[in-house]
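Shown next, in structure tokens, is the structure this report addresses.
Values in this text are rule-based calculations from the coordinates and carry no lab data. Given the structure is predicted, the values throughout are model-derived calculations rather than measurements. Heads up, the Cβs are rebuilt from the backbone with ideal geometry, glycines too, and the neighbour counts pull from every protein chain shown.
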Amino acid sequence: KSFWPHYVDLGAKQQEPMQCEFKDCTAPNTRIGSPDEKADELGLYPVVDRYQWLERLLPLGIHTIQLRIKDLDGQALKEEIEKSIALARESNCRLFINDHWELAIEMGAYGIHLGQEDLDKADLRAISQAGLRLGISNHTHFELIRCLAINPSYIACGPVFATQSKDMPWIPHGLNGLRYWCESLMSFQNRPLVAIGGINRENISEVAQCGSSGIALISAITEAESPEKATRELLQMIEHAREKI
Ligand code: 3NM
């Protein structure tokens, strides 16, 4: 255990043995966005569960968003994804579909976000061949090693802080852990990183100064009294914090 730096949380959860086959499976280029787009800066990255959120948030200047639907299937799910893809395209926003990779390919989404538990089920080669971007959740260094072998478009690191929005067996990384992940992945691996978990208006400035490319959050927007006002404030906070780096 002493091999690992002190800040590494090996995870309260027992690690599953690696089962996927990644043979010559490389996700699309690590570069996110076309050269004339705002390069690799993912910025404020809301994670939402309905198309209506895109209608509310995209006009505010959101350039990256994730549709994470856990409670629909069949036609209702298809419609949500289809409408979201159309709106995101129109608004020049990068839309990542959580989990539903087959629908995302079929409907031509910008990208797909997968949790580690979804990696075994998804056809990574099909995602790559269809030209979709791929983001992957990571909580521990073991997961990160697995993730790097896939060469995703971005690497999500969480939870930064304790979160109520998802069951999390892992100890939060905190700002020091996040800074370490940002420094090693963005400068050494030149890999965009997305911070997630417990990020809100109280801590977003410090998170932004750690240097992640994207800052993903759910409740700080969806549970705010005014999600629009909260989004505008969070965008401004990121901008001010980045000016100080
Ligand atoms: N994934 P909130 S944390 C969906 O660490 C999700 O991988 C996480 O919600 C991870 O901003 C999380 O409300 C929930 O804390 C984020």
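From least to most packed, judged by other beta carbons within 10 angstrom and beginning with the fewest, 233, 225 follow the order 225, 233. For the residue pairs 83/244; 70/244; 70/229, alpha carbon separations beyond 30 Å are given by 83/244; 70/244. Between residue 72 and residue 164, the simple spin-label model (points 7 angstrom out along Cα→Cβ) gives 2.5 nm. Cβ crowding within 10 Å, taken as a proxy for footprinting-reagent exposure, orders 194, 48 from fewest neighbours to most as 48, 194. Here the residues 110, 154, ranked from fewest to most Cβ neighbours within 10 Å of their Cβ, fall in the order 110, 154. Length gained on full extension, residue 183 to residue 232: 14.9 nm, using 0.36 nm per residue less the C-alpha separation.
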